Amino acid sequence: MARVSSLLSFCFTLFIFFHGYTAQKFPNECQLDQLNALEPTHVLKSEAGRIEIWDHQAPQLRCSGVSFARYIIEAKGLYLPAFYNTAKLSFVAKGHGLMGRVIPGCAETYQDSPLFQPGRGGQYGEGQGQEGRQGQGQEGRHGQGQEGRHGQGQEQGQRQSQSFRDMHQKVEQIRTGDTIATSPGVAQWFYNDGQRPLVIVAVFDLASDQNQLDRNPRPFYLAGNNPEGQVWLQGREQNPQNHIISGFAPEIIAQAWKIDLDLAHKIQKPNEKHGNIVRVEGQFSAIRPPLRGQRPQEEDEERRGGEGNGLEETICSARVTENLDDPSNADVYKPQLGYISTLNSYDLPILRFLRLSALRGSIRQNAMVLPQWNANANAVLYVTEGEAQVQVVNDNGDRVFDGQISQGQLLAIPQGFAVVKRATSQQFQWVEFKTNANAQINTLAGRTSVMRGLPLEVLSNGFGISLEEARRIKFNTLETTLTHSSGPISEGRPRVA
């Protein structure tokens, strides 16, 4: 009995010790008593564009577990392939261009070769399929030795090099309003085929369980470089960042790619002035599909009534892009006020894996988004056009943000914090990235609000008002999400009790 008592006493003492240690080490880790509209803190310049990066150590971003970046790619600019250590959700804020991804283990389904033209006897061409495979099988079984196989390999390599012009994984055309989901470890590139800059903003979910490293965004370049280094990482501010291929011994590269050493040395030494966004000279001739209207996948879903059987997508063919700028597909639409569109894992199944979602809003002057909060996600709001007056209230009832937010600025809205937006310019447009595949909101006013769900007696006693006053609070607002704002909203510095 004494032994059990001693053990319990030791465990209790240990618990108190660790509790005190944790409290000292992480005292109120999320310091969110005051929020700010954030601007980029680092600019990485390249030959044909720049990458603007927000400080992910800012309290509101660190607590949300995300980082944020903006890519500005000039005309004929090519953002060279790179992958990240965590999931990424991007939004095309302006312009149009091409986007490609390389998914490990997936085939090159975009092919430019006479061997794959109709009427050429299938995949291998007229007569080559049966005869070539039989000949190869007999040689392999009866053997011409290593020399025979080597000769055969050279012959096949020469035949393929003469026949294939190119083959690669899927290339998609992107335009303003497109939201793009990218899995960790998937290499991605962009090309601006327009005359105006292509502007893409992206959120990185650093707190995701798919990120097995620390809470820092880490781009892994497959080509190009970053002369200024990863300025957001302590200890790497002064060290230029090169692509990962440059770190291997040249002999290894030559052996792996079956090339000579001179070529291996050449690709390992990128032009330090070009950066990771280079300008393409001449025509960019990647195999690309015709201009898209409605995606074939969407037409198939409409014919099936929107229900899938679970077999229509694989990791290689999964749809990763959805446009949110079409008001006809909006979730909330009022011609005099604007529209709001949401994107979650029901619309784009890959988001279930990435655990991210998005919202696109566009409202006219004096339109208001009714007060609401995110029930199960943090949100990062980025303004693509115009200005709005925004107020945010925290769990202590303090107004932690009260001010204007304008184009190019960022505001993190933590889970549970109530927020209201009112357009103060002719048009206010924004995109929100949320850290849940199916983010849910609750409203404080309107037909589907929490107030509508409460009995009048609860409202009357809770606020110390009459039943008639409670009835007005509960039933006066008939809208669900968007409404006209009647009268000015008080502006000023955040009010903290």
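The values are calculated or read from the model by the stated rules, or taken from the named source; none is laboratory data. Only a predicted model underlies this, so the values are computations on that prediction, with no experimental measurement involved. Neighbour counts are summed over all protein chains in view; Cβ atoms, including those assigned to glycine, are modelled from backbone coordinates with ideal geometry. Protein only, heavy atoms only, side chains kept; ligands, DNA and RNA dropped before computing areas. Shrake-Rupley method; radii C 1.70, N 1.55, O 1.52, S 1.80 Å.
List of remarks:
- Candidates ALA75, ALA107, filtered to the one that is over 15 Å from the mean Cα position of the chain (by Cα), at pLDDT 85 or above and of a type outside the set (Lys, Arg): ALA75
- Listing of strands (runs of 3 or more DSSP E) fully contained in the range 273-386 that carry 3 or more residues being under 25 Å from PRO40 (Cα atoms), modelled with pLDDT of 75 or more and among the charged types (D, E, K, R): none
- Residue tally, condition outside any loop (DSSP other than H, G, I, E, B) and open to solvent by less than 10 Å² (accessible area, probe 1.4 Å), over the range 165-186: 7
- Note on the range 387-407: residues that are open to solvent by 10 Å² or more (accessible area, probe 1.4 Å) and outside any strand (DSSP E or B) amount to 5.
- Of the residues screened, GLY177 is one that is among the small types (Gly, Ala, Ser) and in contact with an Asp or Glu (Cβ under 9 Å, 6 or more places away or on another chain).
- Within the option set VAL420, VAL369, being buried (at least 22 other Cβ atoms within 10 Å of the Cβ) and within 30 Å of ALA69 (Cβ to Cβ) holds for one residue only, VAL369.
- The residues listed here are LEU198, LEU206; of these, the one that is over 30 Å from SER285 (Cα atoms) and open to solvent by less than 40 Å² (accessible area, probe 1.4 Å) is LEU206.
- Of the residues contained in the range 264-286, none is found to be under 26 Å from GLY408 (Cα atoms) and of a type in the set (Ser, Thr, Tyr).
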